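K.L.:
The structure that follows is given in the form of structure tokens.
The values are calculated or read from the model by the stated rules, or taken from the named source; none is laboratory data. In this text, all values refer to a predicted model and were calculated from it rather than measured experimentally. Virtual Cβ from ideal backbone geometry, glycine too; neighbours counted across all protein chains shown. What goes into the accessible areas is simple: the full protein's heavy atoms, side chains included, and nothing from ligands, DNA or RNA. Shrake-Rupley method; radii C 1.70, N 1.55, O 1.52, S 1.80 Å.
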Amino acid sequence: MSHNEINFTEGSIIKKLIHFMIPILGSLILQAMYGAVDLLIVGRFGTTAGLSGVSTGSQILNFVTFIVSGLAMGVTVLISRYLGEKKNKRIGRIIGGSAVLFTIVSVILCFVMVFFARPISIIMQAPQEALELTTLYVQICGAGIFFIVAYNLISAIFRGLGDSKSPLIFVAIACVVNIIGDYIFVAIFKWNVVGAALATVIAQAVSVIMSIVIIRGKNLPFTIKKRDFHLNKEVKRFIAIGSPLALQEFLTQMSFLALCAFVNRLGLDASSGYGVASKVIAFFMLVPSALMQSITSIVSQNVGAKKEKRALEAMTTGIKLGGMIGVVALLLIYFQGTFLIGIFTEDTVVIQKGYEYLLGFSLDTILTAILFSFIGFFNGHENTIWVMIQGTAQTLLVRLPFAYIMSMQENASLVKIGFSAPMASIFAIIINYIFYLKNKKYYLFHNQ
């Protein structure tokens, strides 16, 4: 392996987990800054309607991005598995097939987001004052969706190879371009939501172009041939792994979109406050997300190498590490929540509404770290159908019903609506632990 790639089958789990996770976390932080910077610049130099438009529009964009990354997780798992099994020749076929499939996905997404942006924004119950701006944001981002899909696929490939540093470089380039673009288009040209969306698309385009340049100069442990670029047998296998994850992300993001719609009914201030709070939460949720992606790669490679006990150790280590960081995040929300919301807007009413939602959500900073460690473990074992089932259950049985009931109360509170997330996570942790106990003997002895 090259100096950027990690062999997870030997050495200290905690050291390798942290070493691999930090670049992933850095990538996720920078990626989250896309929407955060958009909100920050529009909040400072745009209008309240523009802030709501970016808030709702970015929720829609996140919805699409998470589904794509869920499907791409199948590529990560399969590449890690083949590395553990010493079957490097099959990796080229995975990459060629995935490139064709994700190109098709990009075309479909582009069509839907460009031509159905207004109906989607209406379904999201975007406030009337922000409806046109939300539509514009979705259309412009939809026109550039190819670059967003390409970035997620390239990152998935490198994570599968045990290289988490290259995606960090790709997204760092994009983040710098996005910040510059936001400032020029929104602060100077006063293009409001249009400027924020253009900056996002241009940044992603630059990132993909630069990543291709960087890839061409790397000494990769596989070769790709022209005949690999078709919908081959490897595509069928990674779809079988990734599609349940994509569906689970679809349902999870649907729940957050529905939650956004519930909040939008409470008015423009609540909509803007929730949107800003969601961006703050997005940063706190990056640690569990990085843990999940890291544990997936570590577990998959060790399962391929028939080292099941190391795979289990990766999960338990992730739970401990993520839980400790989650406690710090919870305390930060309680004592500095209004400050964090105030970074994005000076509107005191919006700040208060955002802080209310943060309070309700806060316990999930700990719970999600535990839950995502389980999910990473199951992903690495290709138990993605179970991951889909548990995600569906927590969404349909807990998160959505609880949030809807709270939003329909005469004295509807963002604190109560926000509490729907930790309620769902508690339920999911319980059923995931039960599933693990029922399959523990299989995990420990099947690959020995």
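K.L.:
Looking at the structure I just gave you, is Val287 hydrophobic (A, V, I, L, M, F, W, C), within 14 Å of the chain's Cα centre (by Cα), part of a helix (DSSP H, G or I) and over 24 Å from Ile60 (Cβ atoms)?
P.N.:
Judged against the criteria, Val287 is a match.
K.L.:
Does the range 241-279 hold any residues that are farther than 21 Å from Leu400 by Cβ, open to solvent by 10 Å² or more (accessible area, probe 1.4 Å) and under 20 Å from the mean Cα position of the chain (by Cα), and which are they?
P.N.:
Ser243, Lys279
K.L.:
Another question about this same structure. Out of (1) surrounded by fewer than 22 Cβ atoms within 10 Å (Cβ to Cβ); (2) within 18 Å of Val201 (Cβ to Cβ); (3) within 22 Å of the chain's Cα centre (by Cα), what's the single condition that is false for Val68?
P.N.:
Answer for Val68: the failing condition is (1).
K.L.:
Taking Ala305 and the conditions (1) out of contact with any helix residue (DSSP H, G or I) (no Cβ under 9 Å at 6 or more places or on another chain); (2) at pLDDT below 85; (3) of a type in the set (A, V, I, L, M, F, W, C), which numbered condition does it fall short on, given that it satisfies the others?
P.N.:
Looking at each condition in turn, Ala305 falls short on (1).
K.L.:
Further question: Between Gln394, Gln390, which is farther than 21 Å from Gly326 by Cα and either at pLDDT 90 or above or not acidic (Asp, Glu) (or both)?
P.N.:
Only one candidate qualifies: Gln390.
K.L.:
I would also like to ask the following. When only residues in the range 111-130 that are of a type in the set (A, V, I, L, M, F, W, C) and farther than 19 Å from Met254 by Cα count, which is surrounded by the most Cβ atoms within 10 Å (Cβ to Cβ)?
P.N.:
Ala130
K.L.:
Determine, yes or no, whether Thr134 is surrounded by fewer than 18 Cβ atoms within 10 Å (Cβ to Cβ), part of a helix (DSSP H, G or I) and not small (Gly, Ala, Ser).
P.N.:
Answer is no for this residue.
K.L.:
Suppose we filter the range 306-349 for residues that are more than 20 Å from Val287 (Cα to Cα) and either in a loop (DSSP other than H, G, I, E, B) or touching a residue at least 40 places away in the same chain (Cβ under 8 Å) (or both); how many remain?
P.N.:
11
K.L.:
Restricting the range 164-178 to residues that are more than 18 Å from Ser55 (Cα to Cα) and touching a Phe, Trp or Tyr at 6+ places or on another chain (Cβ under 9 Å), which is most open to solvent (accessible area, probe 1.4 Å)?
P.N.:
Lys165
K.L.:
Quick check on the range 250-283: of everything there that is of a type in the set (D, E, K, R) and in a helix (DSSP H, G or I), which residue is farthest from Gly70 (Cα to Cα)?
P.N.:
So the residue we want is Asp269.
K.L.:
Now, a different point. Would you mind finding the one in Lys190, Lys218 that is open to solvent by less than 80 Å² (accessible area, probe 1.4 Å), touching a residue at least 40 places away in the same chain (Cβ under 8 Å) and among the basic types (Lys, Arg)?
P.N.:
Lys218
K.L.:
Can you run down the residue pairs with Cβ atoms below 8 Å, 6 or more apart or on separate chains, where the first is in the range 288-305 and touching a residue at least 40 places away in the same chain (Cβ under 8 Å) and the partner is among the β-branched types (Val, Ile, Thr) and not in a helix (DSSP H, G or I)?
P.N.:
Filtered contacts from the range 288-305: Gln301/Thr9; Asn302/Thr9; Ala305/Thr9.
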